[in-house]
Amino acid sequence: DLRTLRCFDESTRVITARATRDLLKGTRFPYITELDWGQSKSLSTAAGEIEITAFSVKHWGARTQRDTYRGYNGYLIERSDHRIIFAGDTAMTENFAALRRHGPIDIAIMSIGAYNPWIHSHCTPEQAIEMANAAGACFIVPVHHQTFRLSLEPLGEPIERFQTALSKTPERVALREIGETFVLP
């Protein structure tokens, strides 16, 4: 969403999926890196060295109906001994188990909405938890819900199902409400 990207400083380094650089035309970002599945990019930051690795998710590469040859990624973000998964849009896939080889995952940021009727491109809340578990994530941040209507499920349903599915281990839910913060223990 170009409006959101305009809020970032022009020195922001953008990492995006394969064949998506042209979607950023008209932005002021001089540092754009495209990653395909399995590719990584290291960034030197004030907080230290960060490694970002793209991994395969189950979605589709189009941004419009006539557009079909673009990449789509999940990302593993690593710094020191900490690891975060940003799953992006994905349907249920077995690919998350392979992320365990990188070491323990602190947080998995998982999309939990827009599954009805798009279950082939977006997972259910329960499937998001299953994929985070397969990766070995300690905490889960649910995203892609309650911001605006994208699909047919009731607006509050994804987060309700997510919390119900984690009712035996509620401490794993890193954020429950939009606007909350979470500090890694």
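Counting only DSSP beta bridges with both residues in the chain, tell me the antiparallel percent, nearest 5.
On the way: 16 of 30 bridges.
The antiparallel proportion sits near 55 percent.
Under 13 Å from a point placed 7 Å out from the Cα of Phe148 along the Cα-to-Cβ direction: which residues of segment 5-40 have their backbone N that close?
Under cut-off, by backbone N: 5.
Whole-Hz ³J(HN,Hα) for each residue in segment 69-75, computed from phi via Karplus 6.51 cos²θ - 1.76 cosθ + 1.60 with θ = phi - 60°, x for glycine and proline: what do you get?
Karplus values, whole Hz, x for Gly and Pro: 10, 10, x, 7, 9, x, 9.
May I ask you to list the aspartates and glutamates whose Cα is less than 16 Å away from that of Lys168, ignoring any residue fewer than eight positions away on the same chain?
Glu126, Glu130, Glu160
So what is the relative contact order of segment 51-145, in percent, for Cα pairs below 8 Å that sit 6 or more residues apart?
Numbers: 208 pairs, mean separation 24.7, N = 95.
Relative contact order of segment 51-145: 26 percent.
Let me have the 222 nm mean residue ellipticity of the chain computed from DSSP H runs of 4+ only, each contributing -39500 (n - 2.57), with the sum over all residues rounded to the nearest 500. It would help to have the intermediate numbers written out before the result.
Working: 3 runs with 24 residues, N = 185.
Using -39500 (n - 2.57) per qualifying helix, the result is -3500 deg cm²/dmol.
Could you work out the relative contact order of the chain? I mean the mean sequence separation of Cα pairs under 8 Å and 6+ apart, divided by the number of residues, in percent. Before the final figure, lay out each step's value.
Details: 363 pairs, mean separation 24.8, N = 185.
So the answer I get is 13 percent.
Kirkwood hydrodynamic radius, computed over distinct alpha-carbon pairs, for segment 2-94: how many Å, to one decimal?
On the way: mean 1/r = 0.0696 Å⁻¹.
One decimal place: 14.4 Å for the Kirkwood radius.
Read phi for every residue in segment 169-174 and hand back ³J(HN,Hα) as whole Hz from Karplus 6.51 cos²θ - 1.76 cosθ + 1.60, θ = phi - 60°, with x for Gly and Pro.
Coupling constants for segment 169-174: 9, x, 5, 7, 7, 6 Hz.
Using θ = phi - 60° and the Karplus relation 6.51 cos²θ - 1.76 cosθ + 1.60, list the HN-Hα couplings for segment 83-89 in order, rounded to whole Hz, with x at every Gly or Pro.
9, 10, 9, 10, 6, x, 6
Want the number for His82 to Lys25: 0.36 nm per residue separation, take away the alpha-carbon distance, what's left?
Contour length minus the Cα-Cα distance gives 17.2 nm.
Would you compute the Debye intensity of segment 37-172 from its alpha-carbon atoms alone, equal scatterers and no solvent, and pass along log10 I(q)/I(0) at q = 0.14, 0.21, 0.22 Å⁻¹ to two decimals?
-0.65, -1.26, -1.32
Leaving out same-chain residues fewer than 8 places away, which lysines sit with a Cα under 27 Å from that of Lys25?
Those lysines meeting the cut-off are Lys41, Lys58.
Between Ile105 and residues 5 or more places away or on another chain, which pairs have amide H atoms under 5 Å apart, with H built 1.01 Å from N, and which residues are they?
Amide H neighbours of Ile105: Cys138.
Order 7-17, 150-160, 74-84, 127-137 from most to least packed using the mean count of other Cβ atoms within 10 Å. Kindly include the intermediate steps, with their values, before the conclusion.
Values: 7-17: 13.6, 150-160: 15.6, 74-84: 17.6, 127-137: 22.0.
So the peptides 7-17, 150-160, 74-84, 127-137, ranked by packing, come out 127-137, 74-84, 150-160, 7-17.
Grab the beta carbon distance between Cys138 and Asp67, set R0 = 30 Å, and tell me the FRET efficiency rounded to 0.05.
Working: r = 37 Å, r/R0 = 1.23.
Computed FRET efficiency for Cys138 and Asp67 comes out at 0.20.
None of the figures in this text is laboratory data; all of them are computed from the coordinates on show. Computed from a predicted model, the values in this text were never measured in an experiment. All Cβ positions, even for glycine, are placed from backbone atoms using ideal geometry, and neighbour counts span all protein chains on display.
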